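The values are calculated or read from the model by the stated rules, or taken from the named source; none is laboratory data. Everything numeric here is computed off the predicted structure, so don't read it as measured data. Positions of Cβ are backbone-derived with ideal geometry, glycine not excepted, and every protein chain shown enters the neighbour counts. When the accessible area is computed, the model is the full protein with side chains, heavy atoms only, and any ligands, DNA or RNA have been set aside. Shrake-Rupley method; radii C 1.70, N 1.55, O 1.52, S 1.80 Å.
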Amino acid sequence: MLVLDADETVKRWERCRSLRIPYTKANGKKGRYNPDFIVERADGQKELHEVKGGHLLADADTQRKLAAGEDFCRKRDMVFKVITRRK
C-alpha cells in the first residue's frame, strides 16, 4: 500500500473487496478468487495486484488462481501483477 501511495503514476487504488474471479481448484472443485488490489494509473490503465509470499507461488491452487487472474485481465485489456517481497 505504501508503494502504491508513493507511485506518482497511480491515480487511485483500493482493496478489491467485491471482485470474485472463478477458477477450478487442483482437486477439480470450483472456487472464487479475490485479488488484493485494483489500481488505476494516471494514463487510465487498470491493473489487478495480488500480493503473495514467494513460498506460496509453487502451490497448485495459487498457480490456478494467478492464471485465472491473468486470463480475467487479458480479456478486459487490464494488467495483472503478482507482487512478492523484494530482498
Zone of K30 (label point 7 Å along Cα→Cβ, backbone N under 20 Å): which residues in the stretch 60-87?
61-62, 64-73
Compare the Cα positions of T24, V79, L57 along the charge dipole of the chain (+1 at Cβ of Lys, Arg; -1 at Cβ of Asp, Glu; about the Cα centre) and return the one farthest towards the positive end.
T24
Tell me the carbon and sulfur percent of the accessible area for the chain, rounded to whole percent, probe radius 1.4 Å.
48 percent
Can you compute the charge dipole magnitude of the stretch 1-83 about its Cα centre, using +1 on each Lys and Arg Cβ and -1 on each Asp and Glu Cβ, nothing else charged? Give it in debye, rounded to the nearest 20.
580 debye
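Pairs of alpha-carbon atoms within less than 8 angstrom and 6+ residues apart define the contacts here; what relative contact order does the chain have, in percent? Let's see the in-between values first.
On the way: 133 pairs, mean separation 22.9, N = 87.
Averaging sequence separation for qualifying contacts and normalising by length gives 26 percent for the chain.
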Using only alpha-carbon positions, what ratio does the radius of gyration of the stretch 15-60 give when scaled by 2.2 N^0.38 Å?
1.39
Would you indicate which of (i) 24, 16, 10; (ii) 20, 16, 14; (iii) 27, 17, 10 is the value of semi-axes √(5λ) of the Cα gyration tensor in Å derived from the coordinates of this structure?
(i)
Summing +1 per Lys or Arg and -1 per Asp or Glu among the other residues with Cβ less than 14 Å from D7's Cβ gives -1
Quick check on the chain: helices-only [θ] at 222 nm, where DSSP H runs of length 4 and up contribute -39,500 (n - 2.57) each and the sum goes over total residues. Nearest 500, please.
-7000 deg cm²/dmol
